[in-house]
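The values are calculated or read from the model by the stated rules, or taken from the named source; none is laboratory data. Given the structure is predicted, the values throughout are model-derived calculations rather than measurements. Virtual Cβ from ideal backbone geometry, glycine too; neighbours counted across all protein chains shown. Note: areas computed on protein heavy atoms with side chains; ligands, DNA, RNA excluded. Shrake-Rupley method; radii C 1.70, N 1.55, O 1.52, S 1.80 Å.
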Amino acid sequence: EVQLEESGGGLVQDGGSLTLSCAASGFAYDKYAIGWFRQAPGEDREGVSCISSRDGTTYYADSVKGRITIASDNAKNTVFVRMDSLKPEDTAVYYCAQLQYCDHNRIGSVLAWGQGTLVTVSS
(Lines give C-alpha, C1' and ligand atoms only; values in the text may rest on other atoms or scores of the structure.)
Protein backbone atom coordinates (compact mmCIF):
# COMPACT_ATOMS: atom_id res chain seq x y z
CA GLU A 1 0.00 0.00 0.00
CA VAL A 2 1.32 3.43 -0.96
CA GLN A 3 1.65 5.72 2.06
CA LEU A 4 2.60 9.39 2.10
CA GLU A 5 2.86 10.96 5.56
CA GLU A 6 3.11 14.74 5.74
CA SER A 7 4.36 16.55 8.82
CA GLY A 8 5.73 19.92 9.87
CA GLY A 9 2.69 22.12 9.44
CA GLY A 10 1.58 24.56 12.08
CA LEU A 11 1.20 28.23 12.94
CA VAL A 12 3.85 30.72 11.89
CA GLN A 13 3.92 34.51 11.79
CA ASP A 14 4.19 36.62 8.65
CA GLY A 15 7.79 36.44 7.45
CA GLY A 16 8.56 33.20 9.24
CA SER A 17 9.70 29.82 7.97
CA LEU A 18 8.54 26.22 8.10
CA THR A 19 9.92 22.91 6.88
CA LEU A 20 7.45 20.28 5.70
CA SER A 21 8.30 16.59 5.38
CA CYS A 22 6.82 13.81 3.28
CA ALA A 23 7.77 10.26 4.27
CA ALA A 24 6.96 7.78 1.51
CA SER A 25 6.54 4.00 1.56
CA GLY A 26 4.89 1.20 -0.38
CA PHE A 27 6.48 1.90 -3.76
CA ALA A 28 9.87 2.13 -5.46
CA TYR A 29 10.76 5.61 -4.27
CA ASP A 30 13.71 6.07 -6.63
CA LYS A 31 11.60 5.37 -9.74
CA TYR A 32 9.08 8.18 -9.21
CA ALA A 33 8.82 11.79 -8.09
CA ILE A 34 7.27 13.59 -5.12
CA GLY A 35 5.16 16.72 -5.45
CA TRP A 36 3.66 19.28 -3.10
CA PHE A 37 0.27 20.89 -3.62
CA ARG A 38 -1.75 23.29 -1.51
CA GLN A 39 -5.41 24.15 -1.17
CA ALA A 40 -6.78 27.20 0.60
CA PRO A 41 -10.44 27.39 1.68
CA GLY A 42 -12.66 27.98 -1.35
CA GLU A 43 -9.74 27.65 -3.77
CA ASP A 44 -8.57 25.02 -6.24
CA ARG A 45 -5.71 22.74 -5.34
CA GLU A 46 -2.48 24.27 -6.63
CA GLY A 47 0.77 22.54 -7.50
CA VAL A 48 3.69 24.30 -5.83
CA SER A 49 6.79 22.14 -6.24
CA CYS A 50 8.14 18.72 -7.13
CA ILE A 51 11.37 16.78 -7.14
CA SER A 52 12.44 13.69 -9.05
CA SER A 53 13.74 10.94 -6.78
CA ARG A 54 15.46 9.49 -9.84
CA ASP A 55 17.66 12.39 -10.95
CA GLY A 56 16.94 15.33 -8.64
CA THR A 57 15.09 17.49 -11.19
CA THR A 58 13.03 20.17 -9.43
CA TYR A 59 10.13 22.45 -10.26
CA TYR A 60 8.86 25.54 -8.43
CA ALA A 61 5.61 27.35 -9.13
CA ASP A 62 5.82 31.10 -9.71
CA SER A 63 3.80 31.68 -6.53
CA VAL A 64 6.59 30.28 -4.35
CA LYS A 65 9.71 30.66 -6.49
CA GLY A 66 12.51 32.22 -4.49
CA ARG A 67 10.90 31.33 -1.15
CA ILE A 68 10.94 27.53 -1.23
CA THR A 69 13.64 24.88 -1.39
CA ILE A 70 12.86 21.21 -2.02
CA ALA A 71 15.21 18.29 -1.41
CA SER A 72 15.02 14.50 -1.34
CA ASP A 73 16.76 12.21 1.15
CA ASN A 74 16.63 9.02 -0.89
CA ALA A 75 18.08 6.95 1.95
CA LYS A 76 15.09 7.92 4.10
CA ASN A 77 12.47 7.95 1.31
CA THR A 78 11.64 11.46 2.50
CA VAL A 79 11.19 14.82 0.77
CA PHE A 80 11.67 18.10 2.64
CA VAL A 81 10.38 21.50 1.59
CA ARG A 82 11.57 24.62 3.39
CA MET A 83 9.36 27.66 2.95
CA ASP A 84 10.75 31.07 3.86
CA SER A 85 9.26 34.57 4.01
CA LEU A 86 5.82 33.10 4.53
CA LYS A 87 2.80 35.31 3.92
CA PRO A 88 -0.83 35.02 5.04
CA GLU A 89 -1.72 34.09 1.44
CA ASP A 90 0.37 30.92 1.90
CA THR A 91 -2.16 29.64 4.45
CA ALA A 92 -3.49 26.32 3.14
CA VAL A 93 -3.55 22.58 3.60
CA TYR A 94 -0.39 21.24 1.99
CA TYR A 95 -0.52 17.81 0.35
CA CYS A 96 2.28 15.47 -0.62
CA ALA A 97 1.77 13.32 -3.73
CA GLN A 98 3.44 10.47 -5.55
CA LEU A 99 4.04 11.59 -9.14
CA GLN A 100 4.82 9.78 -12.36
CA TYR A 101 7.56 12.35 -13.02
CA CYS A 102 8.84 15.84 -12.27
CA ASP A 103 10.12 18.08 -15.06
CA HIS A 104 11.77 21.49 -14.78
CA ASN A 105 8.62 23.19 -16.09
CA ARG A 106 5.74 21.03 -14.83
CA ILE A 107 4.43 18.57 -12.24
CA GLY A 108 3.64 15.11 -13.59
CA SER A 109 0.51 13.01 -13.13
CA VAL A 110 -0.55 12.31 -9.54
CA LEU A 111 -0.59 8.64 -8.58
CA ALA A 112 -1.40 8.92 -4.86
CA TRP A 113 -2.09 11.59 -2.23
CA GLY A 114 -1.10 12.10 1.37
CA GLN A 115 -3.59 13.28 3.97
CA GLY A 116 -2.36 16.86 4.15
CA THR A 117 -0.85 19.12 6.80
CA LEU A 118 -2.19 22.56 7.68
CA VAL A 119 0.01 25.65 7.44
CA THR A 120 -1.40 28.83 8.95
CA VAL A 121 0.43 32.14 8.52
CA SER A 122 -0.78 34.93 10.76
CA SER A 123 -0.40 38.61 9.96
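Assorted remarks:
- Inter-centroid distance (Cα atoms) of region 1-51 relative to region 54-100, Å: 7
- With every protein chain in place, the chain: carbon and sulfur % of accessible area (1.4 Å): 44
- Aspartates and glutamates with Cα under 14 Å of K87, excluding same-chain neighbours fewer than 8 positions away: D14
- If only the Cβ of Lys and Arg carry +1 and only the Cβ of Asp and Glu carry -1, the dipole of region 7-123 around its Cα centre is close to 240 debye.
- 10 Å Cβ shell holding at most 11 others, DSSP loop, GluC sites (Glu not before Pro): longest site-free stretch of the chain: 44-123
- Contour excess over end-to-end distance, with Cα ends at D103 and T69 and 0.36 nm allotted per residue: 10.7 nm
- Solvent exposure of the chain amounts to 51 Å² per residue of accessible area, where only protein heavy atoms count and the probe is 1.4 Å.
- The calculated FRET efficiency for the pair S85 and Q115, based on their C-beta separation and a Förster distance of 30 Å, comes to about 0.70.
- On the principal axes of its alpha carbon atoms, region 25-89 extends 35, 24, 17 Å, with the longest extent given first.
- When region 56-123 is reduced to its Cα atoms, the Kirkwood hydrodynamic radius in Å: 13.4
- Shown is the FRET efficiency for S122 and R45, computed with R0 = 25 Å from the Cβ-Cβ distance and rounded to the nearest 0.05: 0.65.
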